[in-house]
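The values are calculated or read from the model by the stated rules, or taken from the named source; none is laboratory data. Here the structure is a predicted model, which is why all the values come from computation and not from measurement. All Cβ positions, glycine included, derive from the backbone under ideal geometry; neighbour counts span all protein chains shown.
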Amino acid sequence: MRLVGKQLLAEFGEQHAEIRSSLDAWIREVEEADWSGPADIKARYPSASILSESTFVFNIKGNKYRIETKVSFEIKVVLAKQIGTHAEYTKWKL
């Protein structure tokens, strides 16, 4: 998959050092993935939330952080829309 929004993730990682290694691992896994549908995401990330056919929320570092994404399976793109702590996530307008 092609990951769009890596700058957003990198900036967040700079501000939250404890997430860097987990975030880097997630980025690598997404870029190496070849997901064809939501079932592929759930198979690898059972705790990911499916909010719509294209909106997914991934839990990072033991559910301490969350990444909201839009996924286009047709063109193999994952867009990282926002990232934040679990507390920040509860305030997001999804």
Report summary line: Per the list (1) in contact with a Phe, Trp or Tyr (Cβ under 7 Å, 6 or more places away or on another chain); (2) surrounded by 13 or more Cβ atoms within 10 Å (Cβ to Cβ), residue check on Val30 breaks on (1)
Report task. Please identify the pairs in which a residue from segment 42-61 that is free of Cβ contacts under 8 Å to residues at least 24 places away in the same chain has its Cβ atom under 9 Å from the Cβ atom of a residue that is among the acidic types (Asp, Glu), counting only partners at least 6 apart or on another chain. Result -> Arg44/Glu29; Tyr45/Glu29; Phe56/Glu68
Query raised in the report: Would it be correct to say that Arg66 is of a type in the set (D, E, K, R) and either surrounded by 13 or more Cβ atoms within 10 Å (Cβ to Cβ) or in contact with a helix residue (DSSP H, G or I) (Cβ under 6 Å, 6 or more places away or on another chain) (or both)?
Result: yes
Query raised in the report: Given (1) touching a Ser or Thr at 6+ places or on another chain (Cβ under 8 Å); (2) without any contact (Cβ under 8 Å) to a residue 24 or more places away in the chain; (3) among the small types (Gly, Ala, Ser); (4) under 20 Å from Phe12 (Cα atoms), where does Ala80 come up short, assuming only one miss?
Result: (2)
Query raised in the report: On the given criteria, is Ser52 over 21 Å from Ala10 (Cβ atoms), outside any strand (DSSP E or B) and either of a type in the set (Lys, Arg) or over 13 Å from the mean Cα position of the chain (by Cα) (or both)?
Result: yes
Report task. Identify, from the list Lys70, Lys61, Lys42, the residue that is out of contact with any Gly (no Cβ under 6 Å at 6 or more places or on another chain), modelled with pLDDT of 95 or more, over 17 Å from Leu3 (Cα atoms) and of a type outside the set (S, T, N, Q). Result -> Lys42
